[in-house]
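The values are calculated or read from the model by the stated rules, or taken from the named source; none is laboratory data. All figures in this text were calculated on a predicted structure; none of them were measured in a lab. Heads up, the Cβs are rebuilt from the backbone with ideal geometry, glycines too, and the neighbour counts pull from every protein chain shown.
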Amino acid sequence: MAPYSQEGEPPAIPARFTLVIGASLMNVIATVEIALRNAICANLSQHFGTPNWLIAPPAPFEWRATERDKGTKALDSARRAEYAKLNQQEKAALDALAYPNGRPANVSHAARAKARRNQILVSDGKIIAEITLYFWKRIYSGDYEQTLWRTTLKRTFPDKKIKRANVADNLENIYQARNRLAHHEPVLHARFADTIRSIKYITERLEAPVASPNTPLANLLAEPITEVEAQAQALHEKLAAYRIGP
């Protein structure tokens, strides 16, 4: 039997084992993402003092192009979701707002639908729900050290010992693991250990003045983390049995 790579698995180990671990780990990451998002949104809402800070933050602050684009796409996605709930009569009624001087001739169906959607008002909460972990981890990057971290985001990780780069590095580990799991790729061995370590780093420090394994978030995830660690250990032991000796 051929040896397996660190990221792969031998044919005799069913893929369902890695999928079970992946599902458990994804649930933990999703909870961390929600907690992080909520902390960031509460912080930035207070900092900017405007309900539309995600799409149109007050000057002089400006999002970088990537984040601005993510916000625009999230707004469109939220509008699409609301538009899909309307019946045909309600959709047609939006024409009066989209085309107050009458609908021009030869407007394509796609252009008309977009013009209609642009008239739909959606809440900040629905837009924020469309934003992915990529956005939230990006605003802890060096690009926002001066404009966000030093001015306000440091309060989401208030422990004085924490530097922005520490947060960014751990969020990057979690983000990379999440992407692998979303594509049904295994997160095992060193990658699994790094991911768990980063998850614990965030859960023990998010909105905590001093790092502690007993923060509300850490307590919430203590059992799920223990369970997925046990699952991973069992699978690692199975995989070790397939190693070919020297």
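Given the criteria at pLDDT below 95 and farther than 21 Å from Thr50 by Cβ, does Glu185 qualify? Steps first, please.
On the way: at pLDDT below 95: yes; farther than 21 Å from Thr50 by Cβ: yes.
For Glu185, the condition - at pLDDT below 95 and farther than 21 Å from Thr50 by Cβ - is met.
Of all residues in the range 138-162, which are among the acidic types (Asp, Glu) and closer than 19 Å to Leu54 by Cα?
Our first condition is that a residue be among the acidic types (Asp, Glu); within the range 138-162, this holds for 143, 145, 159.
Hits for the range 138-162 are Asp143, Glu145.
Taking the range 103-139 as the region of interest, how many residues are in contact with a Phe, Trp or Tyr (Cβ under 7 Å, 6 or more places away or on another chain) and part of a loop (DSSP other than H, G, I, E, B)?
1
What is the one condition in (1) over 17 Å from Ile40 (Cα atoms); (2) surrounded by 13 or more Cβ atoms within 10 Å (Cβ to Cβ) that Val210 does not satisfy?
(2)
Yes/no per residue for (1) at pLDDT below 95; (2) more than 23 Å from Gly22 (Cα to Cα); (3) under 18 Å from the mean Cα position of the chain (by Cα); (4) part of a helix (DSSP H, G or I):
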position: Gln176; (1), (2), (3), (4): no, no, yes, yes
position: Ile196; (1), (2), (3), (4): no, no, yes, yes
position: Ala208; (1), (2), (3), (4): no, yes, no, no
position: Asn214; (1), (2), (3), (4): no, yes, no, no
position: Leu217; (1), (2), (3), (4): no, no, yes, yes
position: Leu220; (1), (2), (3), (4): no, no, no, yes
position: Thr226; (1), (2), (3), (4): no, no, no, yes
position: Lys238; (1), (2), (3), (4): yes, no, no, yes
position: Ile244; (1), (2), (3), (4): yes, yes, no, no
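Would you please list the contacts, defined by Cβ atoms under 9 Å and residues six or more apart or on different chains, that run from a residue in the range 164-190 that is in contact (Cβ under 8 Å) with a residue 24 or more places away in the chain to a residue that is of a type in the set (S, T, N, Q) and surrounded by fewer than 15 Cβ atoms within 10 Å (Cβ to Cβ)?
Close Cβ pairs satisfying both conditions: Glu185/Asn179; Leu188/Gln6; His189/Gln6; Ala190/Gln6.
Mind listing whichever residues of the range 83-102 are free of Cβ contacts under 8 Å to residues at least 24 places away in the same chain and part of a helix (DSSP H, G or I)?
Initial filter on the range 83-102 (free of Cβ contacts under 8 Å to residues at least 24 places away in the same chain): 84-90, 92-93, 95-102.
If the condition is that a residue be free of Cβ contacts under 8 Å to residues at least 24 places away in the same chain and part of a helix (DSSP H, G or I), then Ala84, Gln88, Gln89, Glu90, Ala92, Ala93, Asp95, Ala96, Leu97, Ala98 are the ones that fit.
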